[in-house]
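Here the structure comes first, spelled out in structure tokens, and everything after it is commentary.
Computed from the coordinates by the stated procedures, all read-outs in this text should not be read as laboratory data. Remember, predicted model here, so these are calculated numbers, not experimental data. Neighbour counts are summed over all protein chains in view; Cβ atoms, including those assigned to glycine, are modelled from backbone coordinates with ideal geometry.
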2 protein chains.
Amino acid sequence: MITMNEHYLELQASYLFSEVARKVAAFQEQNPDTSIIKLGIGDVTRPLPPSIVERFKEAVGEMGDAATFRGYGPEQGYPFLREAIAKYDFGARNTGISPDEIFISDGTKCDIANFQELFSTDVQVAIGDPVYPVYLDTNVMAGRAGAYRDGRYGKVRYLASTAENNYIPAPPNEPVDLVYLCFPNNPTGATATHEQLRAWVEYARRERALILFDAAYEAFIRDPAIPHSIFEIDGAEEVAVEFRSFSKTAGFTGTRCAYTIVPKAVRVYSRAGEPHELHALWNRRQSTKFNGVAYPIQRAAEARYSEQGRREVEELIAYYLENADIVRSEIDRMGYACTGGDNSPYIWVRTGGSAWEFFDQILTRAGVVVTPGLGFGPSGEGHVRISAFNDREKVIEAMERIRSAL
Amino acid sequence: MITMNEHYLELQASYLFSEVARKVAAFQEQNPDTSIIKLGIGDVTRPLPPSIVERFKEAVGEMGDAATFRGYGPEQGYPFLREAIAKYDFGARNTGISPDEIFISDGTKCDIANFQELFSTDVQVAIGDPVYPVYLDTNVMAGRAGAYRDGRYGKVRYLASTAENNYIPAPPNEPVDLVYLCFPNNPTGATATHEQLRAWVEYARRERALILFDAAYEAFIRDPAIPHSIFEIDGAEEVAVEFRSFSKTAGFTGTRCAYTIVPKAVRVYSRAGEPHELHALWNRRQSTKFNGVAYPIQRAAEARYSEQGRREVEELIAYYLENADIVRSEIDRMGYACTGGDNSPYIWVRTGGSAWEFFDQILTRAGVVVTPGLGFGPSGEGHVRISAFNDREKVIEAMERIRSAL
């Protein structure tokens with residue numbers, strides 16, 4: 001008899017997101033003439049930049065010619081892209097990351113979801129609260145979460161990110177083995193300083209823990225004092241893996257390309273305490289279960305690092321950050337405290353009280369959709385996330401509508 | 001302390017493929033003027049067909065225009081592609097497969113590697129011998145294989161595919177839970193009849209087992225009596241999942257698009273024997289760990305089903321099958337028994353004795369590379385796999401060289 005992985009039964013269906021969809025649909029039905037503006041979603045709206053489109057098309061053309069056709073590529077990605085990333089993303093910051101420590105993939109979601117396979121099923125996991133749900137759900141599926149009760153899984157260590165700690169959790173006093181960090185954070189928009197990251201790296205070194213650092217939003221950092229990479233912290237190259245993506249920088253959410261940095265110096269351990277190279281494990285995982293990213297897409301991603309590509313991506317980021325400025329200054333003006341929006345595309349608004357109430361108010365009075373914070377974890381109550389990923393005129397109109405409504 | 005998944009330590013490094021590479025490199029160094037012809041690899045060499053290239057480029061153009069840009073798509077794939085597949089691949093054969101039972105992905109390797117996550121870690125696995133190594137390795141990583149000794153893992157049920165059973169294993173007498181079947185087979189090129197597949201479907205129904213059916217090579221079937229899909233067998237829609245790909249049909253090995261059919265009628269079971277819908281589990285897995293295939297690639301794949309696309313793909317398949325005919329008739333003429341090559345791009349040659357000896361002979365005397373059968377499992381000894389995926393003139397020259405050499 002084929003028996004299932006019963007840990008799937010421990011997954012909690014996200015009633016929140018379907019409840020959001022239900023409320024939006026109901027409102028639209030009652031108000032068919034209102035054009036609803038969605039600031040709830042973390043998906044880009046601006047098209048791929050011209051230099052990327054051009055190189056993408058050219059590479060598709062290469063696939064149509066016997067002389068330049070490419071079949072299976074390296075599972076780890078083509079050297080041309082790994083080298084461009086090492087040079088432009090890491091070279092200037094002296095992180096010492098080399099091209100063969102960079103694995104190209106079809107998405108950070110996939111990589112961060114798959115990465116936990118490399119560890120034993122009883123490692124102690126720590127995640128933020130609120131948090132991007134993928135970190136949690138993939139560990140539930142693997143059996144690391146324990147029983148669910150009152151909004152939390154028994155075996156998971158939750159790191160509360162609240163106004164009290166400026167949304168930056170400090171390392172816990174107890175040992176944990178696998179820590180998920182994300183800065184600039186989704187959903188809170190908070191960014192961590194060198195000092196705050198150093199505390200985590202020191203913790204990981206002391207406890208022989210591993211940090212999975214999600215840097216999907218690093219390109220939105222404007223403040224030169226804020227680190228873009230965990231590898232800007234000395235010693236991180238022995239205890240951290242970093243996830244980056246072309247999704248929010250070059251507009252690749254529908255094009256699919258990301259990259260994960262696994263330094264060769266990182267060690268994980270057998271139960272007997274013998275060290276093993278994490279890079280070799282991930283390489284074996286990817287070689288066995290993945291077949292690389294489409295050649296034309298890797299060429300499109302490479303074009304993001306050309307002179308024109310870098311300028312165009314900077315313009316894209318600036319566009320969304322200007323949206324974020326508009327949201328943030330309006331929220332300020334209305335008297336709500338918030339974090340994010342300065343070095344991040346997300347604005348995390350402290351509504352106080354029930355986030356659902358705030359959500360309902362601005363949906364029904366302004367026709368604007370945001371995300372109730374509870375969707376990201378229990379500590380998200382009393383907050384909503386507003387996304388700056390939308391067209392300028394919609395962001396302006398949404399904020400005008402919210403101002404008149406509240 | 002971060003402890004590793006120690007099952008990775010049970011994986012056997014494939015010395016065979018590195019040994020092939022080493023021998024080829026050594027030969028090339030000693031014979032710098034010989035142009036080595038590789039018939040060892042299962043990778044296509046012909047370019048993407050014109051109708052696919054054209055639609056692919058057009059869709060890239062859509063991504064560069066704000067009016068037609070697409071961000072995140074459905075994790076399961078766009079309806080336009082799922083509908084085309086249901087209509088053209090399954091509609092004519094009355095399999096009753098509907099579009100929402102079809103999941104689009106970036107590769108059959110990925111899907112078949114990830115699928116085992118849905119099951120408990122102690123299901124009894126059965127695989128062919130010889131076999132595509134991914135079925136085995138992914139179960140080793142998950143801890144289902146047991147200790148390795150004398151070329152085999154203790155907990156895996158190996159289904160010997162040898163000349164004695166015409167390379168088609170019958171269901172075992174004992175119960176197994178998870179069966180990997182692949183027809184037309186890689187590496188043997190053998191195809192299964194309706195009757196042979198029916199025996200497996202009946203077995204699975206009786207034992208409440210699940211069949212993972214790899215149909216990556218179905219397009220190479222010329223004989224109208226041979227089934228293309230497991231779903232041509234009555235009752236299979238309750239006990240089977242099928243994997244298909246654009247890789248070997250439309251030349252997508254470097255473009256990455258595949259699809260997996262999970263009928264809604266398939267049930268898997270909790271330990272207590274309660275049935276659960278497999279479709280819902282895979283949908284949850286993909287929604288949590290995958291973010292869909294690039295929009296332009298899904299449009300490129302859809303173009304394979306246009307009138308022109310279907311004609312062009314037929315021509316591609318015919319091209320490789322004609323290569324296979326050339327290989328097969330030469331092998332016949334040399335007096336070796338073989339299977340495959342008629343309804344498959346692979347020819348499995350019974351060399352007798354040591355496959356390495358045969359390999360060495362044709363490498364050193366003819367400058368042609370094939371794959372020793374041992375690379376696919378212990379029962380592969382005494383065989384080599386010859387691939388028809390190459391350019392016509394190279395195939396002709398390779399076979400001429402082999403004939404003069406032997």
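A few points about this structure:
- Neighbourhood charge, 15 Å Cβ-Cβ cut-off, centred on B:I233 and excluding it, Lys, Arg +1 and Asp, Glu -1: -4
- Label positions at A:A337 and B:E393, each projected 7 Å from the Cα along the C-beta direction, are separated by 7.5 nm.
- Three-way shape label, the protein assembly as shown, alpha-carbon gyration tensor, a/c 1.5: prolate
- Overall form of the range A:52-307 per C-alpha gyration tensor (a/c, 1.5; a/b vs b/c): prolate
- Members of A:K87/B:K38; A:K109/A:K264; A:K23/B:K87; B:K57/B:K87; A:K38/B:K87 lying beyond 27 Å, as alpha-carbon distances in this model show: A:K87/B:K38; A:K23/B:K87; A:K38/B:K87
- Applying 1/(1 + (r/R0)^6) with R0 = 22 Å to the Cβ-Cβ distance of A:Y148 and A:R271 gives a FRET efficiency near 0.20.
- Only Lys, Arg (+1) and Asp, Glu (-1) charged, at Cβ; chain B dipole about Cα centre in debye: 320
- Inter-copy label distances at A:G235 (7 Å, Cα→Cβ; nm, one decimal): 6.4
- Take the Cα of A:T364, step 7 Å toward its Cβ, do the same at B:A318, and the gap between the two points is 6.7 nm.
- Ordering B:T260, B:T45 by the number of other Cβ atoms within 10 Å of each residue's own Cβ, fewest first, gives B:T45, B:T260.
- Extending 7 Å from Cα along the Cβ direction at A:K155 and again at B:A225 yields two label points whose distance is 5.4 nm.
- Counting Cβ atoms of other protein chains within 10 Å of each residue's Cβ and taking the mean over peptide B:133-142 gives 2.
- Sorting B:302-313, A:30-41 by their mean Cβ neighbour count within 10 Å, with the most densely packed peptide first, gives B:302-313, A:30-41.
- Inter-copy spacing of B:H194 label points, which lie 7 Å from Cα along Cα→Cβ, given in nm from shortest upward: 7.4
- Distant-in-sequence amide H partners of A:A337 (H built 1.01 Å from N, under 5 Å): A:R350
- Trypsin sites (Lys or Arg not before Pro) restricted to the range B:69-142 and DSSP loop, no more than 15 other C-beta within 10 Å: B:R93
- Comparing Cα centroids, the range A:349-366 and the range A:195-270 end up 34 angstrom apart.
- Per-residue average of Cβ from other chains inside 10 Å of A:37-44: 1
- Computed over the range A:52-307: relative contact order in percent, which uses C-alpha pairs under 8 Å that are six or more apart: 25
- Most to least packed among A:101-108, A:139-146, B:291-298, B:164-171 [average Cβ atoms within 10 Å]: B:291-298, A:101-108, A:139-146, B:164-171
- Per-residue average of Cβ from other chains inside 10 Å of B:251-259: 6
- Label 7 Å beyond Cα on the Cβ vector: A:D332 copy-to-copy distances, nm: 8.2
- Partner aspartates and glutamates whose Cα lies under 19 Å from the Cα of A:K155, excluding those fewer than 8 positions away in the same chain, are identified as A:E6, A:E10, A:E117, A:D122, A:D129, A:D137, A:E174, A:D177, A:E207.
- Cα gyration tensor shape for the range B:73-194, rounded if a/c is under 1.5, else prolate or oblate: oblate
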